[in-house]
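Enquirer: Dropping the structure in here first, questions after.
Laboratory data are not the source of any read-out in this text; all were calculated from the coordinates shown. These numbers come from a predicted model, not from an experiment. Counting neighbours? That spans all protein chains shown, and the Cβs are built from the backbone with ideal geometry, glycine included.
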Amino acid sequence: MVTIRLTNSMTHRKEEFVPFDAENVRMYVCGPTVYDRAHLGNARPVVVFDVLYRLLRQVYGAEHVTYVRNFTDVDDKINAKAAETGRDIRAITDETIGWYHADMDALGALRPDHEPRATEYIGAMIAMIDGLIAKGHAYAANGHVLFRVRSYAGYGALSGRSVDDMIAGARVEVAPFKEDPMDFVLWKPSEPGVPGWESPWGFGRPGWHIECSAMSRELLGETFDIHGGGLDLQFPHHENEIAQSCCAHGCEADAAGKPQGFARTWLHNEMLLVEGKKMSKSLGNFFTVRDLLDDDTSGAEIRYVFMMTHYRSPMDWTSEKAVTAGSKLRDYLMIGSRFADLEVARKTRVATQVIDALSDDLNTHLALVEVDRLLGKAEWNEFVSTLDFLGLIPFERFEAMQSVLKAADAKIYDWTQRLISLRAEAKTTKDFSAVDLLKSQLADAGVKVQMSQTEIELIPGPNFDPAKLEALK
Ligand code: AMP
Ligand code: ZN
């Protein structure tokens with residue numbers, strides 16, 4: 001079996017990945033808060049963890065991997081949006097989830113096996129909070145329930161900071177009812193007009209962190225293999241998840257202060273920049289995935305650009321990279337469609353070099369270099385099967401392009417004959433203008449013209465436009 005190695009943010013080491021149960025490899029990734037379109041940065045963890053999901057499915061078998069990514073559908077930003085627009089919360093979150101699905105599907109990301117909505121797990125959250133209070137890890141005060149950070153010795157293990165350092169550096173919310181400034185909210189009261197649920201501590205709603213602890217336990221169990229998200233979530237979100245889950249499950253920190261149990265491997269993707277700068281509305285370089293898709297950048301191009309950079313490095317989105325990605329992908333699509341036998345390709349295994357690259361801490365950059373090298377091997381079925389596996393060009397795209405090429409066959413034949421006779425005529429009249437005109441019209445339709453002394457061949461290239469060929473007169 002292939003050995004996967006991943007850099008664990010908990011240990012800062014590249015470790016051999018050994019699942020608890022190879023029959024059920026389990027991964028949890030923190031998903032979006034659903035009040036608006038996903039911006040380009042939000043798409044980075046989606047692509048990173050989709051690549052990992054595909055790799056795990058390849059290595060352990062698709063039916064032996066469970067991937068959970070939540071939707072945070074209870075949050076103050078959602079409440080603010082509802083107040084601002086006068087719309088119903090459920091209408092806003094449903095609509096946003098629909099957009100998210102459409103946009104992430106366009107990036108070739110497989111849907112996770114479970115996409116729990118926080119609001120469907122309130123009961124599980126209340127039960128977990130109740131258990132934490134019973135064990136002395138949390139306390140109710142002033143309609144709130146707070147987690148007692150100093151009751152958990154492993155706090156700070158993931159982000160590598162001590163509680164005292166955190167207090168000095170963090171903008172912690174000071175409240176008179178908190179025992180300690182670091183204590184964080186598990187439950188808070190809801191005012192009228194804001195979503196809330198009945199609980200032992202009054203009508204209220206959960207804090208953000210508890211949802212992931214409750215949902216991962218419900219869907220993956222107390223201990224699972226991989227927990228992922230963007231680097232911005234490492235502290236405080238993931239630190240708090242660990243504290244809650246480990247205290248609820250009774251898994252204490254070891255002598256070195258590392259938590260035992262809960263998630264074994266922690267993975268964090270670095271952040272996305274745009275043309276070298278942090279993406280922000282004030283800099284005018286903020287855009288959503290949908291903005292790009294509507295502006296003629298394909299989802300596959302976005303995915304390719306993301307894959308050019310290793311997930312643990314900051315990645316810079318530039319329009320120049322998108323152009324490079326577009327031309328590579330058009331080339332690959334045309335070459336695969338012309339030369340592969342798609343029925344055979346569907347059964348052909350993915351190139352070993354690509355699997356090896358991804359198995360080495362998801363080296364997507366090397367995987368793309370290896371795809372390019374496959375061109376030299378001329379193993380077209382392996383080439384197509386690998387592009388499908390990487391989520392860059394699915395088999396269906398190749399099939400569709402093959403049909404287009406097949407449908408254009410008769411036209412290509414006709415124009416080849418026409419060019420042959422025009423050239424023969426031109427050789428006697430010495431007037432090549434008609435030949436040149438037709439050649440440039442064909443080039444405009446993306447058809448390459450290869451002429452030798454004896455033969456003429458027309459080849460649809462990466463920019464082939466069947467509609468233009470059809471319209472040619
Ligand atoms: P949010 O909806 O803000 O909780 O974010 C959803 C996911 O997107 C989280 O995993 C974040 O870490 C990730 N994320 C947000 N902004 C960026 C960014 N600029 N680059 C990479 N990942 C990001
Ligand atoms: Zn989370």
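Enquirer: How far apart, in nanometres, would the label points at GLU457 and PHE286 be if each is projected 7 angstrom from Cα along the Cα-to-Cβ direction?
Expert: 5.3
Enquirer: If you don't mind, there's one more thing I want to ask. Going Cα to Cα from LYS321, which lysines come in below 28 Å? Please leave out same-chain ones fewer than 8 positions away.
Expert: LYS277, LYS278, LYS281, LYS377, LYS448, LYS468
Enquirer: For n ≥ 4 DSSP H runs only, could you compute -39500 (n - 2.57) per run for the chain, divide by its residues and tell me the 222 nm figure to the nearest 500?
Expert: Values: 17 runs with 220 residues, N = 473.
Roughly -14500 deg cm²/dmol at 222 nm, from the helical runs in the chain.
Enquirer: Quick one, can you get me the convex hull of the C-alpha atoms of the range 217-291 expressed as volume per residue in Å³?
Expert: It comes to 135 Å³ per residue, whole-number rounded.
Enquirer: Continuing with this model, one more query. Starting from the exponent 0.38 and prefactor 2.2 Å, build the expected Rg for the range 261-320 from its residue count and divide its actual Cα Rg by it.
Expert: 1.33
Enquirer: If you don't mind, another one. If you consider only alpha-carbon coordinates, what radius of gyration and Dmax does the range 5-269 have, in Å?
Expert: Cα radius of gyration and Dmax of the range 5-269 are 18.3, 53 Å respectively.
Enquirer: Per-residue HN-Hα couplings for the range 426-436, Karplus 6.51 cos²θ - 1.76 cosθ + 1.60 at θ = phi - 60°, whole Hz, x for Gly and Pro?
Expert: Per-residue couplings from phi come out as 4, 5, 7, 7, 6, 10, 9, 4, 5, 5, 5 Hz.
Enquirer: Okay, moving on. How big is the C-alpha Rg of the chain next to the rule-of-thumb value 2.2 N^0.38 Å, as a ratio?
Expert: 1.20
Enquirer: For the range 118-132, just list the computed ³J(HN,Hα) in residue order, Karplus coefficients 6.51, -1.76 and 1.60, θ = phi - 60°, integers in Hz, with x standing in for Gly and Pro.
Expert: 3J(HN,Hα) across the range 118-132, in whole Hz: 3, 5, 8, 10, 4, x, 5, 5, 4, 5, 5, 4, 4, x, 5.
Enquirer: What FRET efficiency comes out for ARG349 versus HIS64 if R0 is 25 angstrom and r is the Cβ-Cβ distance? Round to the nearest 0.05.
Expert: Efficiency, from the Cβ-Cβ distance: 0.90.
Enquirer: A further question on this structure: Once both labels are modelled 7 Å past Cα along the beta-carbon direction, what's the ASP180-TRP197 spacing in nm?
Expert: 2.7
Enquirer: To one decimal place, what Kirkwood hydrodynamic radius in Å is obtained for the range 124-187 from all pairs of distinct Cα atoms?
Expert: One decimal place: 12.4 Å for the Kirkwood radius.
Enquirer: Something else now. Please give the per residue volume of the convex hull enclosing the alpha carbon atoms of the range 104-254, rounded to a whole number of Å³.
Expert: In the range 104-254, the Cα convex hull volume per residue is 143 Å³.
Enquirer: For ARG13 and LEU366, what is the calculated FRET efficiency with R₀ set at 25 Å and r taken between the beta-carbons, to the nearest 0.05?
Expert: Efficiency computed from Cβ-Cβ geometry: 0.80.
Enquirer: If you don't mind, another one. How much length is gained on full extension from ALA141 to THR428, taking 0.36 nm per residue of separation minus their Cα-Cα distance?
Expert: Full extension from ALA141 to THR428 adds 93.4 nm.
Enquirer: Shifting gears a bit: From Cα pairs below 8 angstrom and at least 6 apart in sequence, can you work out the relative contact order of the range 273-393, rounded to a whole percent? Present the calculation step by step, with values, prior to reporting the outcome.
Expert: Numbers: 114 pairs, mean separation 33.8, N = 121.
So the answer I get is 28 percent.
Enquirer: Here's something else I'd like to know. For the chain, what is the percent of antiparallel DSSP beta bridges, rounded to the nearest 5?
Expert: Taking every DSSP beta bridge within the chain, about 55 percent pair in antiparallel fashion.
Enquirer: Report, by chain and number, residues whose modeled amide H sits under 5 Å from the one on GLY31, excluding near sequence neighbours (fewer than 5 apart, same chain).
Expert: For GLY31, whose amide H was placed from the backbone, the distant partners under 5 Å are ASN70.
Enquirer: Mind ranking 127-138, 462-473, 35-46 by how tightly packed they are, going by the mean number of other C-beta atoms within 10 angstrom, highest first?
Expert: Taking the mean over residues of other Cβ atoms within 10 Å, the ranking is 35-46, 127-138, 462-473.
Enquirer: Report the normalised scattering of the range 407-471 as log10 I(q)/I(0) at q = 0.14, 0.16, 0.20 Å⁻¹, calculated by the Debye formula with identical scatterers on the alpha carbons.
Expert: One equal scatterer on each Cα of the range 407-471 leads to -0.38, -0.49, -0.75.
Enquirer: How many times 2.2 N^0.38 Å is the alpha carbon radius of gyration of the range 190-240?
Expert: The reported ratio for this selection is 1.42.
Enquirer: By per-residue mean of other Cβ atoms within 10 Å, what is the highest-first order of 388-394, 154-160, 109-115?
Expert: Per-residue mean Cβ counts within 10 Å order the peptides as 388-394, 154-160, 109-115.
Enquirer: Go through the range 358-369 residue by residue and turn each phi into a ³J(HN,Hα) via Karplus (6.51, -1.76, 1.60, θ = phi - 60°); whole Hz please, and just put x for glycine and proline.
Expert: Calculated HN-Hα couplings, in order: 5, 5, 8, 6, 6, 7, 5, 4, 5, 4, 5, 4 Hz.
Enquirer: Per residue, what volume in Å³ does the convex hull of the Cα atoms of the range 273-393 enclose? Can you show the working numbers first?
Expert: Values: hull volume 12.5 nm³, N = 121.
Expressed per residue, the convex hull around the Cα atoms of the range 273-393 is 103 Å³.
Enquirer: Diagonalise the Cα gyration tensor of the range 1-117 and give the resulting equivalent ellipsoid semi-axes, square root of 5 times each eigenvalue, largest first, whole Å.
Expert: Each semi-axis is √(5λ); the values are 32, 14, 12 Å.
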